[in-house]
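Undergrad: Input: one structure, supplied below.
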């Protein structure tokens, strides 16, 4: 289930937003649900455990502004859709540092909000609903692609690092790592940067000539001979080139 996050510290405004977005979801049958937050800190804490492909943010918030919150969201998730809904029209230009899909001024026009939500939902990458089955020594686990940070080949097994920090190790297999990981690598978010590693580029925090640093601080090597191809593939990904697979 994909989730929409609203962050607004004004109870009346939050109530209106929840009612409007709830009505939109009931009409469109998008398969999404709504989560509401009154403080940026609680939203950022939730983001450590789950992904929100769509955010609706106020500008004036406690402790940090919606502008700062949007930039932090964009740092953590380059593909999330962000909508600003605020009483402060003067921050529209600064808001575009977070690449929002729209900047709406309260009181909200419901039709304009619905049009913006339709556009946002059409842009959401639904790859997070795709999955990868992993046979372990104990059971079969079905992982959502979005929760896989990286996959590492270890002595005829695959070790999956997940966004929760969990490591899941598969049963041994006979095929090559490239063959085993092929379903992952058909998704545009995944890149094999080394004979023994495939990374989910949505979770890359730093790119260097010899390694990726992923969320949680995990470092993954880049094979020297593969560096030009890896660099080009990662740059294309950042620029949004190529169709979703």
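Undergrad: Suppose each label sits 7 Å from its Cα in the direction of the beta carbon; what would the residue 138-residue 195 distance come out to in nanometres?
TA: Roughly 3.3 nm, to one decimal.
Undergrad: Hey, another quick one. For the pair residue 238 and residue 90, what calculated FRET efficiency results from E = 1/(1 + (r/R0)^6), where r is the Cβ-Cβ distance and R0 = 35 Å, to the nearest 0.05? Present the calculation step by step, with values, prior to reporting the outcome.
TA: Details: r = 31 Å, r/R0 = 0.87.
In this case the efficiency is close to 0.70.
Undergrad: If you fit an axis through the alpha-carbon atoms of helix 110-123 and take the longest principal axis of the Cα set of the chain, what angle between them do you get, 0 to 90°, nearest 10?
TA: Relative to the chain, helix 110-123 is tipped by roughly 10 degrees.
Undergrad: Right, something else. Is the stretch 147-189 best put as rounded, prolate or oblate by its Cα gyration tensor, with a ≥ b ≥ c the root eigenvalues, rounded for a/c under 1.5, and otherwise prolate when a/b is larger than b/c, oblate when not?
TA: Oblate is the answer for the stretch 147-189, as a/c is 1.5 or above yet b/c matches or exceeds a/b.
Undergrad: Here's something else I'd like to know. Is the shape of the stretch 1-105 rounded, prolate or oblate, going by the alpha carbon gyration tensor and its root eigenvalues a ≥ b ≥ c, with a/c under 1.5 for rounded and a/b larger than b/c for prolate? Don't skip to the answer; put the middle values down first.
TA: On the way: a/c = 1.42, a/b = 1.20, b/c = 1.18.
Since a/c stays below 1.5, the shape of the stretch 1-105 is classed as rounded.
Undergrad: Tell me the angle of helix 66-76 to the major Cα principal axis of the chain, expressed in degrees between 0 and 90 and rounded to the nearest ten.
TA: Its long axis makes an angle of about 10 degrees.
Undergrad: Label 7 Å along Cα→Cβ of residue 173; the stretch 180-200 residues with amide nitrogen under 17 Å?
TA: Answer for this model: 180-188, 190-200.
Undergrad: Given Cα pairs under 8 Å that are at least 6 residues apart, what percent is the relative contact order of the chain?
TA: Numbers: 390 pairs, mean separation 28.1, N = 245.
This gives 11 percent for the chain.
Undergrad: Could you give the angle, 0 to 90 degrees to the nearest 10, between helix 11-28's Cα long axis and the longest principal axis of the Cα atoms of the chain?
TA: Between helix and principal axis, roughly 60 degrees.
Undergrad: If you stretched the chain out fully between residue 229 and residue 39, how much longer would it get, using 0.36 nm times the residue separation minus the C-alpha to C-alpha distance?
TA: Working: separation 190, 0.36 × 190 = 68.40 nm, distance 4.20 nm.
Gain on stretching residue 229 to residue 39: 64.2 nm.
Undergrad: Considering only DSSP beta bridges where both residues belong to the chain, give the percentage that are antiparallel (nearest 5). Present the calculation step by step, with values, prior to reporting the outcome.
TA: Numbers: 27 of 45 bridges.
Of all bridge pairs located within the chain, approximately 60 percent are antiparallel.
Undergrad: How long, wide and thick is the stretch 128-238, going by the Cα atoms along their three principal axes, in whole angstroms, largest first?
TA: Per principal axis, max minus min of the Cα coordinates gives 38, 26, 24 Å.
Undergrad: According to a simple spin-label model (label point 7 Å from Cα along Cα-to-Cβ), what is the distance in nm between residue 106 and residue 79?
TA: 3.2
Undergrad: Just to be sure I understand: with springs between alpha-carbon atoms less than 10 Å apart, which residue in 120, 182, 229 has the highest mean-square fluctuation in the Gaussian network model of the chain?
TA: 229
Undergrad: Determine, from the Cβ-Cβ distance of residue 206 and residue 23 and an R0 of 35 Å, the FRET efficiency 1/(1 + (r/R0)^6), rounded to the nearest 0.05. Don't skip to the end; give the middle numbers.
TA: On the way: r = 41 Å, r/R0 = 1.19.
So the FRET efficiency works out to roughly 0.25.
Undergrad: For the stretch 41-122, what is the relative contact order in percent, using Cα pairs closer than 8 Å and at least 6 residues apart in sequence?
TA: Over the stretch 41-122, the number comes to 27 percent.
Undergrad: Let me ask you something else. How large is the helix-only mean residue ellipticity at 222 nm for the chain, computed as the sum of -39500 (n - 2.57) over DSSP H runs with n ≥ 4, divided by its residue count, in deg cm²/dmol to the nearest 500? Walk me through the numbers on the way to the answer.
TA: Details: 8 runs with 75 residues, N = 245.
Value at 222 nm, helices only, nearest 500: -9000 deg cm²/dmol.
Undergrad: Another question, if that's okay. Quick check: from the Cα gyration tensor, does the stretch 1-46 come out rounded (a/c under 1.5), prolate or oblate?
TA: Values: a/c = 4.83, a/b = 1.36, b/c = 3.55.
Because a/c hits 1.5 or more and a/b fails to exceed b/c, the stretch 1-46 counts as oblate.
Every number in this text was worked out from the coordinates using simple rules, so none of it is lab data. Keep in mind that this is a model prediction, so the values were computed, not measured. No Cβ is skipped: glycine too gets one built from the backbone with ideal geometry, and neighbour counts run over all protein chains shown.
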